[in-house]
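Let me begin by presenting the structure, written as C-alpha cells, before commenting on it.
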Amino acid sequence: MNKKNERINDLVSLDGKVAVVTGGASGIGLATAKLLAEVGATLALLDINDSAGKEAEKQIRELGGKTKYYNCNVTSDSDCKKSVEAIHKEFGKIDILFNNAGVMRRKNVLDLEESEWDLMIDVNLKSIYLLSRHVIPIMIKGKGGSIINNGSGWALHGGPNAVAYCAAKGGVLNMTRAMAIDHGKDGIRVNCICPGDVDTPLLRGEAKQLGVDEEEFMKEAADRPLNRVGAPRDIAQAVLYLASDLSSWVTGTFLLVDGGGLA
C-alpha cells in the first residue's frame, strides 16, 4: 500500500473511537453501527427493543466489532443520563454521537392527536437535546467529538400529512446549527444528515398509516433521478463521512442524501 492510500485510510479510520447510536437496533441505526464498527469504532447501541438490540449486538460482534447494547428511552432524561454514564464508565470516553432515533405519524394538523404530537417532538427532537446535554461534557473533557443528528429531506421543505414530523425535523436542522456555533470552541463538530426515502420498517409503515398499497407506495418513493429508494447503508456511509476526519472542517451544516429527490 502506498503512502497516499495509507493517508486516506487514516482519514476514514475510527480506530480507538467510541460511538453512540440511538435507534441502533434496526434500520439506519443498525446499518450505521455496523459500518462504524467495520472501520474500527466501538459501538454503544441505544434502543428500547431489547430483543432487536441484543440481536444487533450479536451481529456486530460476529463481524468482529466491539459493541454493547443499552436499553434507553431517549425521551427520558433519567434514562439518557444513566445510559451515558454507563457508556462512559464502560469505555472511558465518547467520540461520536449519532442521534438517529425517530418515529413517524402520517397525519395533518386536524387529525393529529396531542399525544401523537408530543411523541413526535419528544422522539425526533427532544431526544437530541437530552442525549447531547449528557454527552457534550464528556466530549469537552476529551477535547472534541462529532455529533450527527438525523434530519430529513422534510427538514428542508414540507411534506403531506406529516405536520409533526416536518416540525420536528425542521427543528433538528436549526438545532444542529445552533449547537455547532455553541460548541465549535470545544472542538465538537455538529452536523445534520437529511435522508430521503430509505427502505426501512419506518418507511414501509407509512403505507399502512396512509391506507395505501405498500408496493405502490415504495414504487412512488423511488420516483427520483436515481430511480430507487435509499438503502440504510447509503445513509450510513454519509454518517461515516461526518464522523470521520474526512469532514474535519465541516460543522453546522446538513448533508442531503436522497437520490436527487429534491433536485
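Among the listed values [x] 60, 53, 31; [y] 68, 40, 38; [z] 51, 45, 38, the one computed from these coordinates for Cα extents along the principal axes in Å is [z]. Phi angles of segment 72-84 translate, via the Karplus equation with coefficients 6.51, -1.76, 1.60 and θ = phi - 60°, into HN-Hα couplings of 8, 7, 6, 8, 10, 4, 5, 5, 4, 4, 4, 5, 5 Hz per residue; Gly and Pro are given as x. Ordered by the count of other Cβ atoms within 10 Å of each Cβ, fewest first, L210, L110 give L110, L210.
A simple rule links phi to the HN-Hα coupling: the Karplus curve 6.51 cos²θ - 1.76 cosθ + 1.60 with θ = phi - 60°, which for segment 110-115 gives 6, 8, 6, 7, 4, 5 Hz, with x for Gly and Pro.
Can you list the residues of segment 220-245 with backbone N under 16 Å from a point 7 Å past the Cα of R7, pointing along Cα to Cβ? Answer for this model: 245. One decimal place: the segment R204-A231 gains 8.4 nm when fully extended, by the rule 0.36 nm per residue minus the C-alpha distance. By the beta-carbon count within 10 Å of each Cβ, the least crowded to most crowded order of M139, M104, fewest first, is M104, M139.
Compared with the dominant Cα axis of the chain, that is its longest principal axis, helix 27-38 is turned about 20°. Bridging of K82 to lysines at a Cα separation below 18 Å is possible for K68, K93, K126, once same-chain residues fewer than 8 apart are set aside. Let a ≥ b ≥ c be the square roots of the eigenvalues of the Cα gyration tensor of segment 156-263; is it rounded (a/c under 1.5), or, if not, prolate (a/b larger than b/c) or oblate? Note, shape of segment 156-263 comes out prolate.
Order of L262, L97, L35 from fewest to most other C-beta atoms within 10 Å?
Numbers: L262 13, L97 30, L35 20.
Taking fewest neighbouring Cβ atoms as first place, the list is L262, L35, L97.
Just so you know, all these numbers are worked out from the coordinates, no wet-lab data involved. Only a predicted model underlies this, so the values are computations on that prediction, with no experimental measurement involved. Cβ: placed from backbone, ideal geometry, glycine included. Neighbour counts: every protein chain shown.
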